[in-house]
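Bear in mind that the values in this text are calculations on the coordinates, not laboratory data. The structure presented is a predicted model; accordingly, all values stated were derived computationally and were not measured. Note: ideal-geometry Cβ built from the backbone for every residue, glycine included; neighbour counts use all protein chains shown.
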Amino acid sequence: MNIAICDDCRNDIGNLRKLIEQIVHDPEEWTIYEFNSGEDFIKNYREFDLVFLDINMQGSMKGTQVAEYIRERSKDTVISFYTGIDYPASQVVHVQPFSYLVKDSLLREGASRLSDTLQEVRRRKDSYKLKVSCGAHTLSLQLSDILYIAIHKKQSEIYLTESRTREIVKFLDIPEKEAKNFTVKSKQKVDDYYKQLKDHGFAYAKVSYIINLRHVVGCFKEYVQLTGGVQLTVARAKRTQFEKELSSYWGRN
């Protein structure tokens, strides 16, 4: 997951970074990016999971303006104002910050004040679910349940992980002979799923299917390997863009 700290004071960036590192025990779980102005942040913008923003910074942009820029591009990014002045809520509420941290108070109270903000990032990453009608039932699928989604008779079918497939097969009481090749059929088109999921780590490998990049464990010249030993070909026309999206996803995560 990616965290950005945007502040024109190097000491304040360092203090916040130390507090984050006290909470996050696995250094590979997070990558922290530092920016010393709003202009610097926007010049190097990418979609972050969490952004800490000072409000008054050197340069022409305030933290509230940077937050507006973020909100125009992402509704899911967790924004936390990290500032030396306790601003009225009316001045910041329109950008939907999750938290407002006053620097002096945060230093006195330590890492415990940050825990809720970091937990919210994890919650948002894990909470996105896909609702799919399956006969008389509606299935709620975590994105981590899905390996890939393919075209099926002008509609689509969703291929799931082995563990999730077993759970659904048992829940739907599907006969054993049908269970082995079970997929979730959906009336929604693959391209509609792509538009819905492209910001959540899904990419086209062929015109006929999109792959959940979190399940890619190997990328080779003509195919990718997914968890569970599944191999899928990557079309020549899609290869460059697919590899670009995969590299970007691996870099973010």
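In the chain, the longest principal axis of the Cα atoms and the axis of helix 10-23 are about 50 degrees apart.
Residues of the chain were split at every exposed loop site, defined as trypsin sites (Lys or Arg not before Pro) in a DSSP loop with at most 12 other C-beta atoms within 10 angstrom, and the longest piece left, sites excluded, is 76-152. The helix-only estimate of mean residue ellipticity at 222 nm for the chain, built from DSSP H runs of length n ≥ 4 each weighted as -39500 (n - 2.57), is -11000 deg cm²/dmol after division by the residue total.
Using R₀ = 30 Å, calculate the FRET efficiency as 1/(1 + (r/R₀)^6) where r is the Cβ-Cβ separation of T138 and S74; round to 0.05.
Step by step, r from the Cβ atoms, then E = 0.60.
Our Cα-only numbers for the chain put the radius of gyration and Dmax at 21.5, 67 Å.
This ranking places D192, D7 by how few other beta-carbon atoms lie within 10 Å of each, fewest first, which gives D192, D7. Gain on full extension, evaluated as 0.36 nm per residue between E222 and T31 minus their Cα-Cα distance, stands at 65.7 nm.
Backbone phi angles across the stretch 158-172, fed through the Karplus curve with coefficients 6.51, -1.76 and 1.60 (θ = phi - 60°), yield HN-Hα couplings of 10, 9, 10, 5, 4, 5, 6, 4, 4, 4, 6, 4, 5, 4, 8 Hz in residue order; Gly and Pro are listed as x.
Counting pairs of alpha carbon atoms under 8 Å apart in space and at least six apart in sequence, what relative contact order in percent does the chain give?
On the way: 362 pairs, mean separation 31.3, N = 253.
Once divided by the residue count of the chain, the mean separation gives 12 percent.
With the Cα gyration tensor of the stretch 2-126 giving a ≥ b ≥ c as the square roots of its eigenvalues, does the rule (a/c under 1.5 for rounded; else a/b larger than b/c for prolate; else oblate) give rounded, prolate or oblate? Because its axes are fairly even, with a/c under 1.5, the stretch 2-126 counts as rounded.
Taking only the C-alpha atoms of the stretch 197-253, Rg followed by Dmax gives 10.1, 26 Å.
Working from Cα positions, state the angle (0 to 90°, nearest 10) between the long axis of helix 112-127 and the longest principal axis of the chain. With rounding to tens, the tilt is 20 degrees. Converting phi to 3J(HN,Hα) with the Karplus coefficients 6.51, -1.76 and 1.60 and the offset θ = phi - 60°, the stretch 40-51 yields 5, 4, 5, 4, 10, 4, 8, 7, 9, 7, 8, 10 Hz in sequence order, with x at every glycine or proline.
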